[in-house]
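Beneath this line is the structure, given in structure tokens, with notes to follow.
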Amino acid sequence: MNTLRIGSRGEDVKTLQKYLGLNPDGIYGLNTYKKVVIWQKSKGLVPDGIIGTKSWEIILSKQSTTPTTTTTVQTKISSENIGISDGMINFICKYETGKSFGYRMSSRDKTGYDLHDAKGHKTYGYGLLCHPNGGYMDDIKSVWTQKELEDLYILYAKKVSAKIDAWASKNKVKLNQNQKDAIASACYNFGNGFLNKNICKMIIKNPNDPAIRTTWEHLSDAQGKKYPGLIIRRKAEAKWYFEGK
């Protein structure tokens with residue numbers, strides 16, 4: 001495959017554009033360049049807009065079609081230094097998808113669900129609206145594979161874990177695993193802005209304060225009539241915070 005940059009034309013450009021979910025007109029213009037830069041950042045590549053050997057290796061790599069088994073899923077989770085327990089990884093999946101980590105994804109999981117929020121941006125498997133490295137998922141590309149979505153979910157969990165560790169260190173708070181897990185679930189749902197909420201000020205003051213449970217359970221009251229599932233999730237998180245699985 002040829003090295004591509006702004007101004008390139010031809011079939012290789014079409015291959016790139018199809019991969020990125022763009023109209024394959026075979027012309028590497030500004031729109032293609034912007035998508036390439038976002039994609040390169042998501043893959044840890046130099047975001048220079050140039051498609052060279054490393055980029056082509058990723059683009060052309062074949063994804064395995066072998067169904068994911070429970071054993072390989074557990075190995076995948078346990079082998080990663082995530083900082084969040086395996087149980088909480090599955091807890092978040094349950095409330096985002098109704099299924100456990102490694103479930104067989106539908107085409108809608110891979111092409112995205114339009115939930116009529118976030119300015120019309122689509123949500124993908126595991127409730128992924130934003131890419132863990134920044135930007136909306138559908139701004140990077142329109143179709144994802146199951147493996148990509150699994151890897152992104154794990155990456156997201158790692159980043160949430162690191163963010164909580166930094167917050168706890170800054171505020172001199174000692175959290176046990178149950179407490180950190182519950183905060184991770186809330187961060188995944190609310191965003192990292194959860195760490196600025198009053199509930200977290202209570203945790204800073206005394207992470208074992210019994211009043212935290214009641215306050216946590218009512219975090220979504222304002223949205224409860226519209227999203228009753230959030231009330232259930234908040235109560236489950238509060239229980240996990242104090243009791244674990």
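Here the chain is assigned +1 on the Cβ of each Lys and Arg and -1 on the Cβ of each Asp and Glu. Its dipole about the Cα centre then comes out at about 400 debye. Length gained on full extension, LYS159 to VAL37, computed as 0.36 nm times the residue gap minus the Cα-Cα distance: 41.8 nm.
Given that just one value was derived from the coordinates, which of [x] 65, 36, 36; [y] 55, 44, 27; [z] 53, 42, 35 is Cα extents along the principal axes in Å? Correct label, based on the coordinates given: [x]. Just add up the charged neighbours of VAL46: K/R +1, D/E -1, any other residue whose Cβ is under 15 Å from the Cβ of VAL46. Here the charged neighbours net out to +2. In this structure, the amide hydrogen of CYS130, modeled 1.01 Å from its nitrogen in the peptide plane, lies closer than 5 angstrom to those of MET137, counting only residues at least 5 positions away or on a different chain.
Per-residue extension of 0.36 nm, minus the Cα-Cα distance of LYS245 and ILE58, leaves a gain of 63.5 nm for this segment.
Between ASP114 and THR3, the modelled label-to-label distance comes to 4.1 nm, taking each label 7 Å out from Cα in the direction of the beta carbon. Restricting the trypsin sites (Lys or Arg not before Pro) of the range 95-172 to loop positions (DSSP other than H, G, I, E, B) with no more than 10 neighbouring Cβ atoms within 10 Å leaves ARG104, LYS172. Take the Cβ atoms of ASN23 and CYS130, set R0 to 25 Å, and the FRET efficiency comes out at 0.55.
Values quoted throughout were computed directly from the atomic coordinates according to the rules given, and no laboratory measurement underlies them. In this text the structure is predicted, and so the values were computed from the model without any measurement. Here the Cβ is made from the backbone with ideal geometry for all residues, glycine too, and neighbour counts use every protein chain on show.
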